[in-house]
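The values are calculated or read from the model by the stated rules, or taken from the named source; none is laboratory data. Worth saying up front: this structure is predicted, and the values here are computed from it rather than measured. Note: ideal-geometry Cβ built from the backbone for every residue, glycine included; neighbour counts use all protein chains shown. We work out accessible area using only protein heavy atoms, side chains counted, and drop any ligands, DNA or RNA first. Shrake-Rupley method; radii C 1.70, N 1.55, O 1.52, S 1.80 Å.
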Amino acid sequence: MTDNLDEFEELMLGEQRRNYSAKTIDHAMNPRNLGVMENADVYATITGPCGDTMEIWLKIDGSTILSSSFMTDGCGTSIASGSMVTELATGKDIREAMAISQQDVLDALDGLPEESRHCALLASNTLKAALREYIDIKKEPWKKAYRRQS
Ligand code: FES
């Protein structure tokens, strides 16, 4: 039984390795920064055209992103994309993080198959939405009371 399971796992992993980069598989199977962040300064959620949703939380000090986290109900590549976009954003200045694009996420994951490229766009768009939210709240702090945090 164990031998059969090991063989099956090996077969599945071989199939994944043909379609996805080692980095994508790593981030999909061991996602970084996964989970709801308590006491986040800002939160955003976007549902993409595929019907999958990504959520991002940011902790920001001044203009520096101290930490970020994500959740998604999407596929393995959306998990990898959320993991990577939060890795890319953490430690960055808001302006630098705002410039993180779909292509940056794709490059950092060593690419995604054509049909999965939109997962990287969902991740970068959700990050941008959270940053815009932060900028809005900075301009009009009273709005924070009306926004959902988690
Ligand atoms: Fe929709 Fe991956 S298939 S985000």
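Roughly speaking, what % of Cα-Cα pairs in the chain are separated by over 22 Å, rounded to a whole number?
40
Please find, in a Gaussian network model of the chain (springs between Cα atoms separated by less than 10 Å), the residue of 33, 19, 125 whose mean-square fluctuation is greatest.
Among 33, 19, 125, the largest GNM mean-square fluctuation belongs to 19.
Using a 1.4 Å probe on the protein heavy atoms, what percent of the accessible area of the chain belongs to carbon and sulfur?
Of the solvent-accessible surface of the chain, carbon and sulfur hold 51 percent.
Per residue, how large is the accessible surface of the stretch 1-95? Use a 1.4 angstrom probe and give square angstrom.
Ligands and nucleic acids excluded, the result is 56 Å² per residue.
Taking every DSSP beta bridge with both residues inside the chain, roughly what % is antiparallel (nearest 5)?
Percentage antiparallel, nearest 5: 95.
Farthest toward the dipole's positive end in the chain, which of 51, 91, 13, given Cβ charges of +1 (Lys, Arg) and -1 (Asp, Glu) about the Cα centre?
Farthest along the dipole direction, towards plus: 91.
Tell me, which longest segment in the chain has none of the trypsin sites (Lys or Arg not before Pro) that fall in DSSP loops with at most 14 further Cβ atoms within 10 Å?
1-146
For the stretch 1-103, give the magnitude of the charge dipole about the Cα centre (Cβ charges: +1 Lys/Arg, -1 Asp/Glu; no others), in debye to the nearest 20.
480
Most fluctuating residue of 106, 13, 127 in a GNM of the chain with Cα springs under 10 Å: which is it?
Top of the fluctuation ranking is 13.
I'd like the FRET efficiency for residue 132 and residue 10, computed as 1/(1 + (r/R0)^6) with the beta carbon distance as r and R0 of 41 Å, rounded to 0.05.
Working from the Cβ atoms, E equals 0.40.
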